Structures are given as C-alpha cells and as structure tokens.
1. Using the 10 angstrom Cβ neighbour count as an exposure proxy, how do LYS156, LYS11 rank, fewest first?
2. Taking every Cα atom in segment 1-43, find the radius of gyration and the maximum pairwise distance Dmax, and write them in Å.
3. Would you mind computing, in nm to one decimal, how far apart the modelled labels at HIS43 and ASP136 are, each placed 7 Å from Cα along Cα→Cβ?
4. Residue by residue, what Karplus-based ³J(HN,Hα) values in Hz, rounded to whole numbers, does segment 139-146 have, using 6.51, -1.76 and 1.60 with θ = phi - 60° and x for Gly and Pro?
5. Within the set LYS66/LYS100; LYS29/LYS66; LYS29/LYS54, which residue pairs have Cα atoms separated by over 27 Å?
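Coordinate-derived values only; no laboratory data. Please read these numbers as outputs of a predicted model, since none were measured by experiment. So basically every Cβ, Gly included, is an ideal-geometry build from the backbone, and we count neighbours across all protein chains shown.
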Amino acid sequence: MQPEKVERDGKLVSLCLNCGKEIPPGNRKYCSVECSAEFFAKHNQRGLADLVYKREHATCQSCGWKNPKFSVPPPEKPGWVEGGEKAHRKAMLKYYDDYKAWSELNFEWEKTASKERRSFVADHITPIALGGAEFDLENIQLLCEVCDRKKTREDKAKIAKRRKLLKRIGRNGKLLDTFLQRDHSEDQ
C-alpha cells in the first residue's frame, strides 16, 4: 500500500496512510511513529493486540488478573553517574543488588506461575459473527485465557442461536433485527 500523492504549491507531496497529513521528509508512509502504530493496529490483529495490551496495562478486563511478571520490571541499568568513578561504581553495585533481588523474585514467580500459567487474548466484545467490528479498538478487550474460554463458550451459544433462528425464519432481516434487539436487551 503506497501513500497518496497530491500536488501542493507546485510540488508533489505524499499523504500519511493513517491520518492524511503531509509526510515529512525522511518518512515513507506515515507522518509519525504514532500514526504508523495506529495504522498497524487498525489493519493487523497482532498490532491491535499489542495496542490493547498496553491500553489495559496487562490486566484481564473480566477477572482483574494481572500478569505479575510484568508488574515489577527489572531495574534500569544506570548510565554514567555524576561524581566520578567511585560514585559510578557505587551505583553499579546497587544496580547489581537490585537486579539480583529481581532475578530471585522472578525465579520464584516462574516456579509458582508454571502451575497457573496464563496468557492474554485480545477479544472482541461483540463477536464479528454477531456484527462486531473487526479492527475497532472500542470493540476489543484484554482477557486472560481462562476468561476468554468462558466468554467464547457464551459467544458460540449466541452465534448458534442466531444461526438457528436464521434457518427457521429465513433471511428476513427486519424480523431478525427486531428479535435480536429484544434478545440483546434481555442479556444486559
């Protein structure tokens, strides 16, 4: 996919694939890194999942489970510390002590987490089969594997109910829409 080119002030300029603004010199398809990430999220499941993971802070939106491995990041290694070599060595020793403590904590977590290992899934709130938008950020939530399995079972039941109804009444959309609106209001 190539950016659109338009003429402005006698020059041919390219427009950002995401927002349509002029692309600055040196960039090829997007006007900024943010536009690139947003475009990737709108057109790619992996990009969408990454964006939702950051937005939800690695927390399941159903049960509230938070991945403990990501709740405590490793300590940041210091650069050069003002105060000379002695101050720098002292900062590095503190970093190694902090890193050792973090490593031990992480090792303990790995041992216990193997019993309850969960990963996250970017789940459609309204399934695509029931009319949900595929790449709409408002239709995506972060769920742990356990909650995702539970929600998927519920979604499959709703989809099967809709398909069964479609078979029974034919493809008359108006009657179906009325039924689904009534059915959806009962669910809430």
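1. Result, fewest neighbours first: LYS11, LYS156.
2. Cα radius of gyration and Dmax of segment 1-43 are 10.4, 34 Å respectively.
3. Those two pseudo-labels are separated by 2.1 nm.
4. The phi angles translate into 9, 10, 9, 9, 10, 6, 4, 4 Hz.
5. Numbers: LYS66/LYS100 23 Å; LYS29/LYS66 36 Å; LYS29/LYS54 24 Å.
Checking Cα-Cα distances, LYS29/LYS66 exceed 27 Å.
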